[in-house]
1. Given ALA291, ALA287, which one is surrounded by 19 or more Cβ atoms within 10 Å (Cβ to Cβ), of a type outside the set (Ser, Thr, Tyr) and assigned by TED's automatic domain parsing to the domain that holds ALA338?
2. Across region 374-403, what is the number of residues that are at pLDDT below 95 and touching a Gly at 6+ places or on another chain (Cβ under 6 Å)?
3. Could you check region 408-456 and list, in sequence order, the residues that are in contact with a Leu (Cβ under 8 Å, 6 or more places away or on another chain) and basic (Lys, Arg)?
4. Give the residues of region 243-292 that are among the acidic types (Asp, Glu) and under 34 Å from the mean Cα position of the chain (by Cα), sorted by residue number.
5. Does PHE213 count as closer than 23 Å to ASP347 by Cα, in contact (Cβ under 8 Å) with a residue 12 or more places away in the chain and surrounded by 18 or more Cβ atoms within 10 Å (Cβ to Cβ)?
6. Counting only residues that are part of a loop (DSSP other than H, G, I, E, B) and either of a type in the set (A, V, I, L, M) or in the same structural domain as ASP239 (by TED's automatic domain parsing) (or both), how many does region 46-68 have?
7. Could you list, in sequence order, the residues of region 587-611 that are buried (at least 17 other Cβ atoms within 10 Å of the Cβ) and without any contact (Cβ under 8 Å) to a residue 60 or more places away in the chain?
8. Could you check GLY372 against (1) of a type outside the set (Ser, Thr, Tyr); (2) in contact (Cβ under 8 Å) with a residue 40 or more places away in the chain; (3) within 30 Å of GLY224 (Cβ to Cβ) and say which number it fails?
Amino acid sequence: MKHFSYLLLIGFLLFISTTGLKAQTAAYDTVTIYDIQHVTDPAVDDQSPLFGDTVIVKGLVMHYPRELYVGSRWAVYVVDPDSFPKPWSGFFIIQHDTTEVNTLFGFVEPGMICNFTGVVDEYSGLTQLALLTDPVVPVEIISTDNPLPEPLKLTSADLSTNDVAEQWESMWVYLENGTIVNNSLSSNTASVTDESGGLTYLDDYFWWFRSRFNDNIFSWPPAGTKFNVKGFTRHVNVDLYTINPRTDADLEILSNPPVVTDVVRTPGVPTPRNDVIVTAKITDNTAVAKAILKYSVNGDAFVDVEMQKTGVDTFSAKIPNQTDGSFVRYFIYAEDDAGDFTTLPGDTSFGIFYYVVRMNGLSVKDVQYTWGYPDDASGYAGYQVTLKGIVTSDSSHFSSVYYIQEKEEPWYGIQVRDVYHNNFAVGDEIQITGTIEERYGVTRIVVNDSATGVTLLSSGNSVTPMDVTTGEIATGGDNAEAYESCLVRVKNLTVTNPFPDGANNFGEFMVSDGSGDLRVDDYALHFRGNLDSTFALNDHIDEIVAIHYYSYGNYKLIPRSNDDIHGHTDIERPITVTGFELKQNFPNPFNPTTTIEYNLEKRGNFKLSIYNILGQHIRTLVNGAQTPGLHKIKWDGRDDYGKPVSAGIYFYSLKGENIKLTKKMLLIK
């Protein structure tokens, strides 16, 4: 009976997805995955040539839509059944609004070949199709129970950089005889390589892995482990591609080196008087044959110290006391009786354990400085330290966090997580005792005690913002990490992208002083960012004073309030005048016609115009004398010459004497 019910369901889905829907989809172009994915020079620009268009595309479903970690949304990887495994034949389908079940997307299964209708979108470099839910166009199921293809064999070099990896985005692939390089990177990723010498990553995009990471019952195999893996490639960021296996059945382990965990040094903040004892838990499926603590002082060659077994799986060794100001690096090497070996950290060229010997306590720079390593995690993460600095943002600016700065120099700012104190003001010098923590790429000190955690030393101090360029502190900039959590100032700015996240519009916008684009975020409680289209393309800003911040893969400015934005000269900024109102167009998004309403308080000459996201004039809808009251006008998606415009974000602006009101709208096709 269950099998019969399943057949009835499939028959019903096939019936409703192929009847009565042709009229809805006829207006949209049918394209291939290649048409959407292929770009001429991905090293320069990997945005789809069909970005913003509404299209129909055919794909073979490779897994169930609830298997990926996409929040409350549904998503699947698909491949082109007619061209896989050729380049540009993998794709990603997502439904953002899962309250709308009539799309039928929740019912698709591996082996189904379907037509999907949606808007071509981009998310952090990943090209995807966002299914239409307004109006709903159901998935058209063409056939079921098709065999899934074997994965395409690639090397780590094939997935190392945009110029070679973009053609394999969202593909079903196989990496053979790989080696784990570092199994403990941020966001549950592990770097891997193979005989090609490239570097790519394993990630937990499928729920099977993510749930086990969340429950602390799974970790990627230790550095040095040999493996084979099947998975789907995901473009996460510039030159960063990951392979995402579905379950552990897709991950074949070929060797079992020792597992090194729980590395602890005592004391955590050494003085010249202290020897440092380093302990670690080292386990193996057979027996640990060798454990070595390797340490270096002030850049000298590493010294090997054999670790002694002090418990069932515990090993320890001593680093002798060093002079004041010494910089000490260390890592652990372990080998088993089969000759398999590992290190922790796994990639010591990326990051390493370290500390600085101080007689009179640590500076903020001691905690923040990375000593030239790409890994920006602090060597004091997990240890209690005492720091001092001047408050540069108080509790009115951000919720449960504030910032301090010890000196007006790079590396001397840090975020404070403090749920106990809300009475410090900008200019207060305080001393903080707390635990250093890495939180989504941001180093911070967490106050653990309401009574002894923070001491007020003085008030009325000042910190002068440090002048920097947008390019040097943007993502990839030479000094991006150095100015994390510092108070900075950038000058003579132009708004280069009002909506870097497209239709999602998280309130961020991008500015440049000519040296490179830098994001501005609305993280502060009293700064709205660009949620209301305040900052338009090519607007001028004399200067922005802000805390330098990192989130979601990008370095950003976070102004503390509107007072940190100086000299904003706008071309499309709304000016609120009592009695005048420009309403949101409806419908929005629209295709191809929408209605714009506006209310006028008094008679006068007014102009209603349409602009594209580049600030270029598209269409004049009204230009002349207008009477008071409510007015309605339709726009048919055409320019002043009668030609249909392309899909994308547009602005409509109402201008008159002492009034300028602007809103944005989205045209889909």
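1. ALA291
2. 1
3. Result: no residue meets the conditions.
4. ASP248, ASP250, GLU252, ASP262
5. Judged against the criteria, PHE213 is not a match.
6. 2
7. Of everything in region 587-611, those that are buried (at least 17 other Cβ atoms within 10 Å of the Cβ) and without any contact (Cβ under 8 Å) to a residue 60 or more places away in the chain turn out to be ILE596, LEU600, PHE606, LEU608, SER609, ILE610, TYR611.
8. Checking GLY372 against (1) of a type outside the set (Ser, Thr, Tyr); (2) in contact (Cβ under 8 Å) with a residue 40 or more places away in the chain; (3) within 30 Å of GLY224 (Cβ to Cβ), the one that fails is (2).
The values are calculated or read from the model by the stated rules, or taken from the named source; none is laboratory data. Worth saying up front: this structure is predicted, and the values here are computed from it rather than measured. Don't worry about glycine lacking a Cβ; one is built from the backbone with ideal geometry, like all the others, and counts go over all protein chains shown.
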